[in-house]
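The values are calculated or read from the model by the stated rules, or taken from the named source; none is laboratory data. Note that the structure is predicted; figures quoted are calculated from it, not measured. For neighbour counting, all protein chains shown are included, and Cβ atoms are generated from backbone atoms with ideal geometry for every residue, glycine included.
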C-alpha cells in the first residue's frame, strides 16, 4: 500500500509543521545533528521534554476496521535528558504512556492520541529541580536526594496493564504505577497489600483467558511470584531464594501448569556498584556458565525445578504450553534469544548517542524440555534436575514476540514479531513476521528502510471464537516511525493476511519516542 | 542523674539490625536503596531533659503525613552505626505542620555524632519492610547523606555536637 499524495498534504498542516519544528529545535540542543546525519532512524531516541501530547481526529490512511474500537495503551522511555545530562542507556528513560483511542462510527473511524509522562516520585522531583537527582539503571547519576527503596528509582517505563478497570504503568524493579485510564493522570504506586508495598513487579505479567494474572519480580538473589485474580486481588505470592543471582530477568512464560524462567548467567559486581558504576555497568556476564531454566508449579510455588542450558540472554517470550503426565511433562517454550549482555548493552548505549550499532540479530528459538527424562542437556552440561532440552532455531532478526491473548498459557500455533527485512546497517525493524508453528509457514510484510516498526499486539476480531479456536482471527496493531516524514503512526494489519500490507495507518502530526510494550483494551 | 533517651538496644532493634545485615546484601545487589535501619522505638519511653547543656534541635522537613511517630536514632561510632544507638528520641508526627517538625535532642554526648530519622507511619515502633525486606516507610540521615545502593557511611552523616545548634534533615 502506498501513501496517497493527498494524505501527505494533510500531514503538512501548518500546526503540525510548527510542532515538528519545535521538536527539531529541541533535538538540535541535544546534539541532534549527529542523530539526523548518521542514523535518522534513531532520532526519536533523543527524547521528549516531559510535556503532554494530545491530538484529535488523526489522519487515517486506508481504512480502520469497523470492529476495532477501544484504546491501545503503550509505554516506553520518553524523557532522556535534563539540563546538560543525558541518560546513556535506552532503558533509563522516564516512562511516557500513550493512549490511542479508536472510536467513531462504521466507516468513519475517529482516532485520538494522548501521551503523558508518568508522574513518579523521581520524575516530579527531577522536573522541579530541572536536573536528574537519582541514579538510573544504566547511567551512574550520583544520588542527589534520598533513596528510600526501589520505588525511589522507579521510572515506570516498560509496559501497561489494565486490571479490573484500573490502568497501570509497569517497570520491573518496583511498584506498578496506577494511572487514570481516561486522562492518564498518575494516581501513584499500586499497593497490593502492606507486605507487598514497593515490591518488584515485572512489566510482563501474563493474563490468561479467564483473567487470572501471573507475575514475578526479582531483586538481588531473591524472586517473588504472584497470582492475581481478574478483580485485582493478590491470591498468592511467594518470595524465595533464586537458584542463581537474578539482577536481570525481564520476562517469563506460563503454561497450563507451570511458570517458566530463563535465568541468564549474570551477576552483580557489588564493589563496582559501590564504586559509582551504574547498575548495568556493574553486571558481569559469565559466558562459560549455564542459563538456568527455572520451572515453578503454578499449583504449589514451593515446587521448583532447575534445568541448565548454554549461556544465553533472553528478554522476551512468546508463550509456553505443556503436555504429558505429572513428573514427565514436556514443556514447549518459544522465545527470542538476544545477544550476550555486554554486546546488548554496548548497542543500547550506542543508539542513545545516535550511532548505529553493527548489525546484529535476536532470533526465534523453540525449546522442548522433557522433564524427568534421563540424559544431559544440550552441550553436555549436567542439568540440576533430570530433563532433556531440545532447541530449534530460526535466523530471522526479530524481537517483541506476541501471541493471541486467547492462547496465553495454552497450546498455541501462531507467533508474530517485528522483523528486519533487507535493512543493511539500519537499526531496528521495518516489517512484521507471522510464524505458523504447525506448518512452519512464514508470512511477512516489510516497509522500506525509511520506516521503523515497533511491537504489534494481537487484537481479536469481534465475533470470532473466544477460546483457543479463535487464535489468529485478529488484527495486528502497533506503532511505527517514518524517518523521512519525521512522524509516528499506528498501523493495523489483518493477522490472517499479513503480506497484504497494512489495512490502515493512522498518522500523528508529530513524532513520539519509541516504546517498549503496549496492550489493547476493547471498548 | 537523669538519663536522657539513652537506651540499650531493644529486642526489636536487634531484630532490625540482623535484618540490616541481610538487607545490605540484598540491596547492594538491587536497585533498592537503603536497607533496614536501626531507628526503632526503645522499650522504655525516653525522658527528655531540658537542662542538658548539649541539647540540639532537629528540624525535620518533608514529613508526608501526620500519622504515626518520628523515630530519631543517634550513633556515636562507625562500629555502632545503624546498629547500636546511643540515644533514641520519639515524636508524634501529628505535631508536624506543613511537613515540618522541630524535635529536641537532649543530653547528647559531646563530640561528633550521626543520626538517622524514620517516619513510623503506622506507629508499630519499627521501620516497616516489604516481603523482600526493603523499607516501606520514609527515612533519612543527618546531613541528608545518601548512600549509593546502601546506607551512607557514618562519616558522611557526621555532625558536631553543639549546644543550641539546629540540624536540618529532609524526609522527602
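Here are some notes:
- Listing of strands (runs of 3 or more DSSP E) fully contained in segment A:474-523 that carry 3 or more residues being within 29 Å of residue A:172 (Cα to Cα): A:474-482, A:487-494, A:517-522
- Any hit, segment B:21-44, residues being more than 25 Å from residue B:172 (Cα to Cα), modelled with pLDDT of 50 or more and away from chain A (no Cβ under 14 Å): no
- When restricted to residues that are closer than 26 Å to residue A:315 by Cβ and surrounded by 20 or more Cβ atoms within 10 Å (Cβ to Cβ), segment A:191-212 contains 11.
Every residue, every condition in (1) part of a strand (DSSP E or B); (2) farther than 30 Å from residue A:506 by Cβ; (3) more than 14 Å from chain B (Cβ to nearest Cβ), yes or no:
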site: A:98; (1), (2), (3): yes, no, yes
site: A:102; (1), (2), (3): yes, no, yes
site: A:109; (1), (2), (3): yes, no, yes
site: A:113; (1), (2), (3): yes, no, yes
site: A:124; (1), (2), (3): no, yes, no
site: A:131; (1), (2), (3): no, yes, yes
site: A:137; (1), (2), (3): no, yes, no
site: A:140; (1), (2), (3): no, yes, no
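- Tabulated pairs, segment A:289-311, first without any contact (Cβ under 8 Å) to a residue 24 or more places away in the chain, second part of a strand (DSSP E or B), C-beta under 8 angstrom, 6+ apart or interchain: A:303/A:296; A:303/A:297
- Qualifying residue in segment A:64-73 (condition: within 30 Å of residue A:503 (Cβ to Cβ), under 17 Å from the mean Cα position of the chain (by Cα) and away from chain B (no Cβ under 14 Å)): yes
- The set of residues in segment B:58-74 that are surrounded by 22 or more Cβ atoms within 10 Å (Cβ to Cβ) and assigned to a loop (DSSP other than H, G, I, E, B) contains only B:63.
- Qualifying residue in segment A:395-418 (condition: free of Cβ contacts under 8 Å to residues at least 40 places away in the same chain, surrounded by fewer than 17 Cβ atoms within 10 Å (Cβ to Cβ), in contact with a strand residue (DSSP E or B) (Cβ under 7 Å, 6 or more places away or on another chain) and in a loop (DSSP other than H, G, I, E, B)): yes
- Residues that are under 26 Å from residue A:408 (Cα atoms) and at the interface with another protein chain (Cβ under 7 Å from one of its Cβ atoms), drawn from segment A:190-199: A:196, A:199
- Inter-residue pairs, beta-carbon under 7 Å, first under 12 Å from residue B:90 (Cβ atoms) and in segment B:56-70, second part of a loop (DSSP other than H, G, I, E, B), 6+ apart: B:68/B:121; B:68/B:122; B:68/B:123; B:69/B:123
- The one condition in (1) surrounded by 19 or more Cβ atoms within 10 Å (Cβ to Cβ); (2) over 21 Å from residue A:330 (Cβ atoms) that residue A:444 fails to fulfil: (1)
- Looking across segment A:273-288, the residues that are in a loop (DSSP other than H, G, I, E, B) and either on the phi > 0 side of the Ramachandran plot or touching a residue at least 40 places away in the same chain (Cβ under 8 Å) (or both) come down to A:276, A:277, A:278, A:279, A:280, A:281, A:287.
- Annotation: of all residues in segment B:75-101 being part of a strand (DSSP E or B) and free of Cβ contacts under 8 Å to residues at least 60 places away in the same chain, the one that is farthest from the chain's Cα centre (by Cα) is B:97.
- Only residues that are surrounded by fewer than 20 Cβ atoms within 10 Å (Cβ to Cβ) and either within 11 Å of chain B (Cβ to nearest Cβ) or in a loop (DSSP other than H, G, I, E, B) (or both) were counted in segment A:144-182, giving 7.
- Of all residues in segment A:211-230, exactly one satisfies the criterion of being over 17 Å from residue A:151 (Cβ atoms), within 11 Å of another protein chain (Cβ to nearest Cβ) and part of a loop (DSSP other than H, G, I, E, B), namely A:221.
- Qualifying residue in segment A:451-467 (condition: modelled with pLDDT under 95 and in a loop (DSSP other than H, G, I, E, B)): yes
Here's the yes/no breakdown for (1) more than 10 Å from chain B (Cβ to nearest Cβ); (2) in contact with a strand residue (DSSP E or B) (Cβ under 8 Å, 6 or more places away or on another chain); (3) in a loop (DSSP other than H, G, I, E, B); (4) closer than 29 Å to residue A:138 by Cβ:
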residue: A:202; (1), (2), (3), (4): yes, yes, yes, yes
residue: A:209; (1), (2), (3), (4): yes, no, yes, no
residue: A:232; (1), (2), (3), (4): yes, yes, yes, no
residue: A:238; (1), (2), (3), (4): no, yes, no, no
residue: A:244; (1), (2), (3), (4): yes, yes, yes, yes
residue: A:247; (1), (2), (3), (4): no, yes, yes, yes
residue: A:251; (1), (2), (3), (4): yes, yes, yes, yes
residue: A:262; (1), (2), (3), (4): yes, yes, no, yes
residue: A:271; (1), (2), (3), (4): no, no, no, yes
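- Of all the residues in segment A:72-96, those that are part of a strand (DSSP E or B) and surrounded by fewer than 23 Cβ atoms within 10 Å (Cβ to Cβ) number 4.
- Hits in segment B:114-172 (condition: assigned to a loop (DSSP other than H, G, I, E, B) and away from chain A (no Cβ under 11 Å)): B:123, B:125, B:126, B:161, B:162, B:163, B:164, B:165
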